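Novice: I have a structure I would like to understand better, so I am pasting it below and will then ask my questions one at a time.
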Amino acid sequence: MLLCDYTNDGNDYIFGWCDYPNGDKCEPCLLRQAEGFFELILPDSGQRHMEESPSFDSHTIPGAVHVRDALSKDLYCVIDARFSSISFDTDRNYGSMRLRTDCVIKCDSYDEDMDYSNVASLGSTSPDLTKWFGLRTSGLNQGFDKEMAALAETYGGEIEQADNRFIGADEGLNLGLSISRNLSARCGMAPSVDFGGRVWFESFAPTPKLLNDHFECHLKLTALLSIICWRNISFERMRVEYGPHEGDGVDGSMDTFPINPLISTRFDPWEPPRTNKPYLIAFDDIGESGLGAWFSLMSNYSIPLRQISYIAKMHNNLTLENQVTLFGIAFEELGAAILGSRSKRRTTCECIKGLLGDSFADCEKSSLLFDEALPQVIANTYNSIKHPKEQRGGRPREEWLLPGHLLNVVYACREIALVWIASRLGCREKVISKLGLEQQFSQALKECAAYAAELS
């Protein structure tokens, strides 16, 4: 997320005034976005560590520091800031103190008593999430006269109808999807009416919870979407709500308190997709129950699933050897957990077989999709990367590390991961059918089967 998306002038910095908690003093300051964090720069005249100073020092940083934009007068709240550094010029008797944080809230007002680190609700949205849910937009650009457009603009602009879907609970938080639909109209030479909307993923609770607890739930959703799309999926917008909820939020009560935009470097800036390729798993394929099952999976298999998500997000920046290695590590942990053998060491091949067995636990014809020797092919490739053994399975190490073979193994591992996840979310057959139409996957399995045939 980028600060420039929220400033009126599109800058990635804010020059303004810092309001201290006691209200005794305002100081000029600079709030800017750096790589991976926000930085608040404050003047330091050498008096910060004196007891009579109304400001704070590096040991007494408040939970929230408010910054008023000098030009727009917009108010921003820097929360959970940590001390970074102090620089001081003894000749000029002047310097600066730097604070860092990964969260900034755009506020409506200044409340000294507010605990900004605890929120009742966190909402996230992006065009990817809206498309994944299947919410469509449409417009009327012809046959719509100016009078009707003006009427719609006056009475129908930003009319929202919200539907809420309850997903379940995770880490003590309730989870849901908030779907808002709106009507917007434009007059002028080409009057038009657009019907659109957004889908928000919401985590909420009757009493405020730590913002970091909310973050974990939203990161789990980006992990799923990244695996489905096999690219880095993030959120475009986030919002927080501090007031307590009445009821469970399913009936629309989530929007009864003021909502403030949240900007966080915990999430990568949203980037539009390069292709319009349909999702391998759509929301309609799994529904609320399947999405709830994903959060259960993340609770039980957090480390390997986060690793698979990392491969999906970063594969363009990872070598084939790195991807095979990361898949191997993830499969070893998943397979060991599935086989219930944490006290007994299992080979990589056994772990992959356990993973495939779990994927097709209710199916007798698993061999129609994956060759029976595929686990050994993957294991030999993975171990050839890790260990300098001259031969494995009758093949020299160089053959296991050929770029073409490594690419085939990456696609095979990806398919294994996707089918296992789909089996747990209740859409295995749909995913298998879609993957069967992808030439790179079917070709990869054929090439790996050829390696397997030579091994046998």
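Novice: Which lysines does LYS353 reach when only Cα atoms under 27 Å apart count, and residues fewer than 8 places away in its own chain are ignored?
Specialist: Leaving aside lysines fewer than 8 places away in the same chain, those within reach of LYS353 are LYS220, LYS313, LYS344, LYS365, LYS386, LYS389, LYS430, LYS434, LYS446.
Novice: How far is the Cα center of region 259-307 from the Cα center of region 25-42, in Å?
Specialist: Spelled out, the Cα-based centre of one part sits 31 Å from the other.
Novice: Using the number of other C-beta atoms within 10 angstrom as an exposure proxy, rank TRP270, TRP132 with the fewest first.
Specialist: If I rank by nearby Cβ atoms, fewest first, I get TRP270, TRP132.
Novice: I would also like to ask the following. GLY436: net charge of surrounding residues, Cβ under 13 Å, Lys/Arg +1, Asp/Glu -1, itself excluded?
Specialist: That works out to +1.
Novice: I would also like to ask the following. Provide the net charge surrounding ARG392, with neighbours chosen by a C-beta distance below 12 Å and charges set as Lys +1, Arg +1, Asp -1, Glu -1.
Specialist: My count for the surroundings of ARG392 gives +1.
Novice: What translational diffusion coefficient, in µm²/s and rounded to a whole number, does the Stokes-Einstein relation yield for region 356-433 at 25 °C and a viscosity of 0.890 mPa s, taking the hydrodynamic radius as the Kirkwood radius over Cα pairs?
Specialist: 179 µm²/s
Novice: Between the alpha-carbon centers of region 212-238 and region 420-454, tell me the distance in whole angstrom.
Specialist: Comparing the Cα centres of region 212-238 and region 420-454, I get a distance of 25 Å.
Novice: If each Cα of region 279-343 is one equal point scatterer, what is log10 of I(q)/I(0) from the Debye formula at q = 0.12, 0.14, 0.19, 0.20 Å⁻¹?
Specialist: -0.39, -0.53, -0.87, -0.92
Novice: Rounded to two decimals, what is Rg over Rh for region 301-455 when you use alpha-carbon atoms and the Kirkwood radius?
Specialist: Over the Cα atoms of region 301-455, Rg/Rh equals 0.93.
Novice: Under the definition of Cα pairs under 8 Å and six or more residues apart, what whole-number percent is the relative contact order of region 295-405?
Specialist: 21 percent
Every number in this text was worked out from the coordinates using simple rules, so none of it is lab data. Nothing here was measured: the structure is a model prediction, and the numbers come from that model. As a convention, Cβ positions derive from the backbone with ideal geometry for all residues, glycine included, and neighbour counts pool all protein chains shown.
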